[in-house]
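Novice: My questions will all concern the structure given below.
The values are calculated or read from the model by the stated rules, or taken from the named source; none is laboratory data. Not measured: the values here are computed from a predicted model. Using ideal geometry, Cβ is built from the backbone for each residue, glycine included, and neighbour counts are taken over all protein chains shown. Accessible surface is based on the protein model in full, side chains and every heavy atom, while ligands, DNA and RNA are left aside. Shrake-Rupley method; radii C 1.70, N 1.55, O 1.52, S 1.80 Å.
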Amino acid sequence: MRIAASSQQAQQALNQLTTLQRYFVEQLQQVATQASLPTEFTAVEWLRDQGQHGGGERFEAQPNGLFNRASVNVSQIQYENNPDKSFASATALSTIIHPDHPLAPSIHIHVSWTELKSGKKYWRIMADLNPAIEDKTDTTLFLHMLEQASGEFFHQGIAAGDEYFNIPVLKKRRGVAHFYLEGFVGNETTPENYAIDFAKQVIDCYIKILSKKSTNMLPATAEQKQLQLNYHTLYFFQVLTLDKGTTAGLLIHNQNDVGTLGSIPAHINRELLTQWANVAPEPLNALLASLLAVVPKEKVAAISSEVKAEIAQALRQHYQTHPLN
């Protein structure tokens, strides 16, 4: 049993984010059915310290449907009875959807509510569109939605998103449209449900794009599949070397490694990752070498649940030698 946070605001956030989670899964299933690729999502529960400090539930898309990999997770961690922890609770919706067809873009959404024992409370809001092959019409639609959904915080969120998803060593950026607000509290005119409403609009926009892309789609060409594989490798690189949320989640505990790494696509280009490792500076090259040591030694390397567990351990061992600043 998961013990929830006692805070009324944390409980409200959990209810709202769980409602969004169920809504998103239902919408994804509808698109999959319309595309004649019906997809089942399986619920997986995980517990922090046997549920004493909360946990979460994620819905994972089963293979051979519309998705390469898809995970929609809601969690609430609370340390109200632990004086050694500075935060009281963190409640989050975190989701990544990787469609199987190269022309259908991926989406990443993260919305979380944090309460510190000092009394500070804030939101973390992220949304980014990640196509392997960009469609300018989709990018324009998504950016317009972000502007409408975020209001006066649009430019702040876009600037922070562009910086967060930048990959300096590769001179590339993950995704084509990024929005990020950290420690967000709004102002006196910000609606109470700003973060929830924002996430709902992101979901609706993505479902519109995915539905259009998944209707009467021609089979992918070999070139399109290769571009997708290369992009998924870039996604793998960014998540495991630069994403602070993923790294922090793995370093704090080992009770949800597969869920924490739920954003990793099903396959990557091992040769491309090796090329990047060979030009990366210290200690990044050491981290990439550790990851390559557990990735299957095949050109198209499958990232299974077992491999993700090994990746998580490799990351922990790396940061024991090279602590984060």
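Novice: Yes or no: GLU282 at negative phi, of a type in the set (Asp, Glu) and at pLDDT 95 or above?
Specialist: It is false that GLU282 is at negative phi, of a type in the set (Asp, Glu) and at pLDDT 95 or above.
Novice: Could you tell me which of the residues GLU163, GLU182, GLU192 is surrounded by fewer than 20 Cβ atoms within 10 Å (Cβ to Cβ) and over 30 Å from PRO281 (Cα atoms)?
Specialist: GLU192
Novice: Name every residue in region 236-262 that is assigned to a helix (DSSP H, G or I), farther than 14 Å from SER305 by Cβ and in contact with a helix residue (DSSP H, G or I) (Cβ under 8 Å, 6 or more places away or on another chain), in order of residue number.
Specialist: PHE236, PHE237, VAL239, LEU240, THR241, THR246, THR247, GLY249, LEU250, LEU251
Novice: Of these, GLN76, GLN16, which one is within 19 Å of HIS110 (Cα to Cα), touching a residue at least 24 places away in the same chain (Cβ under 8 Å), polar (S, T, N, Q) and open to solvent by 20 Å² or more (accessible area, probe 1.4 Å)?
Specialist: Going through GLN76, GLN16 in turn, just one is within 19 Å of HIS110 (Cα to Cα), touching a residue at least 24 places away in the same chain (Cβ under 8 Å), polar (S, T, N, Q) and open to solvent by 20 Å² or more (accessible area, probe 1.4 Å): GLN16.
Novice: Which one is farthest from the chain's Cα centre (by Cα) among residues in region 62-73 that are of a type outside the set (S, T, N, Q) and open to solvent by 20 Å² or more (accessible area, probe 1.4 Å)?
Specialist: In this case the residue turns out to be PRO63.
Novice: Restricting the search to region 18-39, which residues are closer than 12 Å to ILE196 by Cβ and touching a Phe, Trp or Tyr at 6+ places or on another chain (Cβ under 8 Å)?
Specialist: GLN21
Novice: In the set ALA301, ALA286, ALA312, which member is open to solvent by less than 40 Å² (accessible area, probe 1.4 Å) and either in contact with a Ser or Thr (Cβ under 6 Å, 6 or more places away or on another chain) or not in a helix (DSSP H, G or I) (or both)?
Specialist: ALA301
Novice: In region 1-8, is there at least one residue being closer than 30 Å to HIS232 by Cβ, open to solvent by less than 80 Å² (accessible area, probe 1.4 Å) and touching a residue at least 12 places away in the same chain (Cβ under 8 Å)?
Specialist: No; the residues of region 1-8 include none that is closer than 30 Å to HIS232 by Cβ, open to solvent by less than 80 Å² (accessible area, probe 1.4 Å) and touching a residue at least 12 places away in the same chain (Cβ under 8 Å).
Novice: Condition (residue is in contact with a strand residue (DSSP E or B) (Cβ under 9 Å, 6 or more places away or on another chain) and assigned to a loop (DSSP other than H, G, I, E, B)) applied to region 131-151: is it met by at least one residue?
Specialist: yes
Novice: For region 47-61, which residues satisfy the criterion of being more than 15 Å from SER263 (Cβ to Cβ), outside any loop (DSSP other than H, G, I, E, B), open to solvent by 20 Å² or more (accessible area, probe 1.4 Å) and in contact (Cβ under 8 Å) with a residue 40 or more places away in the chain?
Specialist: Listed by number, the residues that qualify are LEU47, ASP49.
Novice: Just to be sure, is PHE67 in contact (Cβ under 8 Å) with a residue 24 or more places away in the chain, within 26 Å of GLN226 (Cα to Cα) and aromatic (Phe, Trp, Tyr)?
Specialist: For PHE67, the condition - in contact (Cβ under 8 Å) with a residue 24 or more places away in the chain, within 26 Å of GLN226 (Cα to Cα) and aromatic (Phe, Trp, Tyr) - is met.
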